[in-house]
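Taking it in order: structure first as structure tokens, then the write-up.
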Amino acid sequence: MDIHLEQLTMQFDDVTAVKHITTTIKNGELVSLLGPSGCGKSTTLMLLSGLYKPTGGEIYFGDKRVTHLDAEKRGIGMVFQSYALYPHLSVLKNIMFPLKMQRVAKAEAKQRAMEMAKLVQIDHLTDRKPAQLSGGQQQRVAIARALVKNPKLLLLDEPLSNLDARLRLEMREEIRRIQQEVGITAVFVTHDQEEALSISDRVMLMNQGELQQDSAPQEMYRTPSNVFAASFLGNPPINFLNLTKEESKAGTYTIDGTNQQVTFMNPALKAYETLKIGLRPEHLEIAAENEAFITGEVIHIETIGRDTLIRVQQGDIPVRALVDPKIHLQVGDTCSLAIEENQIHFFDTNTSERIGGGFSHDVRTNLEEHV
Amino acid sequence: MMSEPTWKSTFKAFLYLLPALLILIIFNIYPIIKSFLMSFYIDFDYFNNVVYERGVRNFIHLFQDPNFIKATLNTFIFVVGVVPISIILSLTIALFLNSKIKFLGFFRTIYFLPFVTSVVAVAIVWSWIFHSDYGLLNYFLGWFGIDPINWLTDPTYAMPALIILSIWKGLGFNIIIFLAGLQNINQQYYLAAQVDGASAWRRFTNMTLPLLSPTMFFVSIISIINGFKVFDEIFALFNGKPGPANSTLTVVYYVYQKFYEEYEFSLAAAAAFVLFIIVFIFTLVQLIIGKKFVHYD
Ligand SMILES: Nc1ncnc2c1ncn2[C@@H]1O[C@H](COP(=O)(O)OP(=O)(O)OP(=O)(O)O)[C@@H](O)[C@H]1O
Ligand SMILES: [Mg+2]
């Protein structure tokens, strides 16, 4: 069952939490809803579940319009951020609850619940009350409860946010395994970019209620469609530089705040008087001065995992770069950084939209039109 | 701060408890023991506190006294008439107040007023409402073609009148307790249940009722105990009489009559003791039932 959102909008008293979202979630896909706190991820999920009714736009499950259908009739499974396990029911009864609501015969319900418990590997805990479980176990119960009625759609609202770092890694692989084993369509909310990129087939990036980019994880990283997408993904964060065109020399720009000039080959840039460029720290490398893109003084050095993060200052502008730890550097040294032109991201200063750059060999496949 | 109790800490705690304990012992514990002992006095001098003969004759006398049997029966009728309706009604109103409505504070005050108003004032107002010629109640019933009822003077209707008044009087307290209980239930459970396919009614039966069970339990125990103790309302509503033809004579009223009107002190004590046993058994039964059905977090 494909899920299609058409101009979906949710207006609360004074905030518009979701603004004109149009997208299609394909059958069997795991889609992540990614974005900063308060961007409308939970609201979008609540709209999909039917617990909120949109103030504008439509939702289709397959060919069926469900915009105004109540949550209890949508037949979806949902895992809440706090799990919301029923405290008065045992683990088994929790998992059986959706079946009880469907008036499935007790013996069958019990058998199906036990199968689910086995799938999420908690079948030895079925007699316990939720309060007697660890966070990870509670989460598994919540997933089992969401899946037991064989829903067409599984919604997960930051299900991993209460877990410690290690368990998070484990559980996110679990979720992926279960999702693929059952072959269910799933929407997974997170504000953690790594989580989104590692688990999903597709990432929907949101900011202030608006869909910023809707594409495969790698693509979103390689070809961010606007300044926000470029800034939200990547760790350490991308460097932005503002450029102003030099009238005298074609294709040459001055980096604002410095006296350095740079030249680009890309013909698409000709029309722009000013540019914003994004340089990912991992694409910058130390080079000889004649090959340099930008040269400056090293003002900061720190070790991040296997790499060394340096900050190089030119004029008023600091630039972060991840460099080979074998190269010996000290604060105060002069350092030249180079980058290949096709790894630079170009944005329109006025609209913040992408102009070009990055490895765009993957054709963009997002924003499918629904017929 | 949780440490092993020592003699020193126990002594210190005891000092803090002492003032309240003294009052409790003098005005509660001692009278309970004393009246229990007194219920076995047969021949005694009340004013000099001398007892010549003890025995169980008071209890035998009680169970042979048609008035006591009637009082016990009336008390049961009263409890059965008041408690279930009061609980259902106050839960319904609490649910209504707990939904998003305007003027919530206003409604809460309205419903809580009876609780803070003196029983005597309430009874005076209700005796006018129940008035057979000028009463509001008969006036309303008249709209439905029902002939005027002598609420306070007809033995058939005195008990229903008392029950109506008591239900109304008890609403405020129960509503407040239920509201507090309802507001303690995390909204998440309702959302989850809704996604799991529960209709509004099934969310009520599967979530609200079990999650509210501790409150329900508390309210029903308090209501039943209060019901068994009913006295003020009768005294005020029927001007110091137990209703027409003893129709609202209850056990506590019986105790009052024996003690203050007939000076049968030991008989009054025996009746009070019987009531104590009845309430005790009921509470015990509720505790046992409660163990099974009440969910505590
Ligand atoms: N019931 C509500 N009434 C009014 N405003 C709301 C309501 N729910 C959410 N909002 C507002 O809508 C916006 C989006 O909220 P939402 O909960 O969807 O954010 P989110 O992306 O899930 O954030 P987080 O990552 O912190 O969970 C916020 O500005 C929030 O204040
Ligand atoms: Mg949220």
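Quick notes on this structure:
- Taken as a whole, the condition of being over 32 Å from the mean Cα position of the chain (by Cα), away from chain B (no Cβ under 14 Å) and open to solvent by 100 Å² or more (accessible area, probe 1.4 Å) applies to A:LYS106.
- Candidates B:VAL56, B:VAL125, B:VAL120, filtered to the one that is surrounded by fewer than 16 Cβ atoms within 10 Å (Cβ to Cβ), touching a Phe, Trp or Tyr at 6+ places or on another chain (Cβ under 9 Å) and within 21 Å of B:PRO242 (Cβ to Cβ): B:VAL120
- Unmet criterion (only one of (1) away from ligand 2 (no atom under 16 Å from the Cβ); (2) modelled with pLDDT under 90; (3) polar (S, T, N, Q)) for A:GLN193: (1)
- Criterion: small (Gly, Ala, Ser), open to solvent by 60 Å² or more (accessible area, probe 1.4 Å) and either within 13 Å of chain B (Cβ to nearest Cβ) or under 15 Å from A:ASN94 (Cα atoms) (or both) - qualifying residue of A:ALA146, A:ALA131: A:ALA131
- Which numbered condition A:SER82 misses (of (1) at pLDDT 95 or above; (2) under 28 Å from A:LEU163 (Cα atoms); (3) within 16 Å of ligand 1 (Cβ to nearest atom)): (1)
- So B:TYR111, is it open to solvent by 50 Å² or more (accessible area, probe 1.4 Å), in contact (Cβ under 8 Å) with a residue 40 or more places away in the chain and not β-branched (Val, Ile, Thr): yes
- Residue match in the stretch A:117-128 (condition: within 13 Å of chain B (Cβ to nearest Cβ) and touching a helix residue (DSSP H, G or I) at 6+ places or on another chain (Cβ under 7 Å)): no
- Cβ-Cβ under 6 Å pairs, at least 6 apart or on other chains, the stretch A:152-165 side within 13 Å of chain B (Cβ to nearest Cβ) and at pLDDT 90 or above, far side assigned to a strand (DSSP E or B) and away from ligand 1 (no atom under 16 Å from the Cβ): A:LEU153/A:THR185; A:LEU154/A:GLY77; A:LEU154/A:ALA186
- For the stretch A:127-142, the criterion of a residue being among the small types (Gly, Ala, Ser) and under 18 Å from A:ILE76 (Cβ atoms) is satisfied by at least one position.
- Across the stretch A:22-42, the qualifying residues are those that are among the hydrophobic types (A, V, I, L, M, F, W, C) and within 13 Å of ligand 2 (Cβ to nearest atom), and the one among them that is surrounded by the fewest Cβ atoms within 10 Å (Cβ to Cβ) is A:CYS39.
- You will find that of B:ILE77, B:ILE88, B:ILE23, the residue that is open to solvent by 80 Å² or more (accessible area, probe 1.4 Å), modelled with pLDDT of 95 or more and over 20 Å from B:VAL251 (Cα atoms) is B:ILE88 and no other.
- Residue in the stretch B:179-197 that is surrounded by 16 or more Cβ atoms within 10 Å (Cβ to Cβ) and away from chain A (no Cβ under 14 Å) present: yes
- Out of A:SER37, A:SER32, sole residue that is farther than 19 Å from B:ARG203 by Cα and either at the interface with chain B (Cβ under 10 Å from one of its Cβ atoms) or not in a strand (DSSP E or B) (or both): A:SER37
- Restricting the stretch A:129-159 to residues that are assigned to a loop (DSSP other than H, G, I, E, B) and under 19 Å from A:THR185 (Cβ atoms), the residue that is farthest from ligand 2 (Cβ to nearest atom): A:ASN150
- Within the option set B:VAL50, B:VAL83, being among the β-branched types (Val, Ile, Thr) and more than 26 Å from the chain's Cα centre (by Cα) holds for one residue only, B:VAL50.
- Taken over the stretch A:43-70, the criterion of being buried (at least 16 other Cβ atoms within 10 Å of the Cβ) and within 11 Å of another protein chain (Cβ to nearest Cβ) is satisfied by A:LEU45, A:MET46, A:LEU48, A:SER49, A:GLY50, A:LEU51, A:TYR52.
- Any hit, the stretch A:43-52, residues being within 28 Å of the chain's Cα centre (by Cα), assigned by TED's automatic domain parsing to the domain that holds A:GLU158 and more than 16 Å from ligand 2 (Cβ to nearest atom): yes
- Residue within the stretch A:6-21 that is hydrophobic (A, V, I, L, M, F, W, C), more than 24 Å from B:GLN188 (Cβ to Cβ) and either more than 13 Å from ligand 2 (Cβ to nearest atom) or open to solvent by less than 20 Å² (accessible area, probe 1.4 Å) (or both) present: yes
- Residue satisfying all of: in the stretch A:312-333; within 27 Å of A:MET265 (Cα to Cα) and open to solvent by 40 Å² or more (accessible area, probe 1.4 Å); nearest to the chain's Cα centre (by Cα) among these: A:ARG320
- A:TYR86 being more than 10 Å from chain B (Cβ to nearest Cβ) and away from ligand 2 (no atom under 16 Å from the Cβ): no
For (1) within 30 Å of B:PHE68 (Cβ to Cβ); (2) without any contact (Cβ under 8 Å) to a residue 24 or more places away in the chain; (3) away from every other protein chain (no Cβ under 13 Å), each residue gets a yes or a no:
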site: B:TRP201; (1), (2), (3): no, yes, no
site: B:LEU211; (1), (2), (3): no, no, no
site: B:SER223; (1), (2), (3): yes, no, yes
site: B:ASN226; (1), (2), (3): yes, no, yes
site: B:PHE231; (1), (2), (3): yes, no, yes
site: B:LEU267; (1), (2), (3): yes, no, yes
site: B:ALA270; (1), (2), (3): yes, no, yes
site: B:ILE288; (1), (2), (3): yes, yes, yes
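- Any hit, the stretch B:187-196, residues being closer than 21 Å to B:LEU89 by Cβ and modelled with pLDDT of 90 or more: no
- The stretch A:143-163: number of residues that are within 16 Å of ligand 1 (Cβ to nearest atom) and closer than 11 Å to A:VAL79 by Cα: 6
The values are calculated or read from the model by the stated rules, or taken from the named source; none is laboratory data. Quick caveat: nothing in here was measured; it's all calculated off a predicted structure. All Cβ positions, even for glycine, are placed from backbone atoms using ideal geometry, and neighbour counts span all protein chains on display. Remember, those area values only see protein heavy atoms, side chains included, never the ligands or the DNA or RNA. Shrake-Rupley method; radii C 1.70, N 1.55, O 1.52, S 1.80 Å.
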